[in-house]
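One structure below.
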Amino acid sequence: MLNVECTGKALAELEDNFRYNDAVIRNLVIRRDEAVTGQSEMLKAEENRSERRERRDRPEHSDAEGADSDDSDNSDNADE
């Protein structure tokens, strides 16, 4: 996926290159009046997946650490 800002001549050259390049299976060119500067949907989806992984991994680590520290505090108090 490319997001480029260029002249009409450069765009025509890109389209020709895509058409005659064996590595390019399909292409779609969309012309816009204004530049699109926001995050792409692909990037948003990747960030959402990363956030879900982080949230899923965090509670396991914090619970395990909290349980270990509680046990050690109780054993210290029992010895006194």
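The values are calculated or read from the model by the stated rules, or taken from the named source; none is laboratory data. Keep in mind the model is a prediction, meaning the values are calculated, not measured. So basically every Cβ, Gly included, is an ideal-geometry build from the backbone, and we count neighbours across all protein chains shown.
Can you name every residue in the range 27-55 that is of a type in the set (S, T, N, Q) and touching a residue at least 12 places away in the same chain (Cβ under 8 Å)?
We begin by selecting, within the range 27-55, every residue of a type in the set (S, T, N, Q); these are 27, 37, 39-40, 48, 50.
If the condition is that a residue be of a type in the set (S, T, N, Q) and touching a residue at least 12 places away in the same chain (Cβ under 8 Å), then N27, S40 are the ones that fit.
Which residue, of A23, A78, A12, is modelled with pLDDT of 90 or more and among the aliphatic types (A, V, I, L, M)? Talk me through it step by step, then tell me what you get.
Values: A23 fails: modelled with pLDDT of 90 or more; A78 fails: modelled with pLDDT of 90 or more.
Of the residues listed, the single one that is modelled with pLDDT of 90 or more and among the aliphatic types (A, V, I, L, M) is A12.
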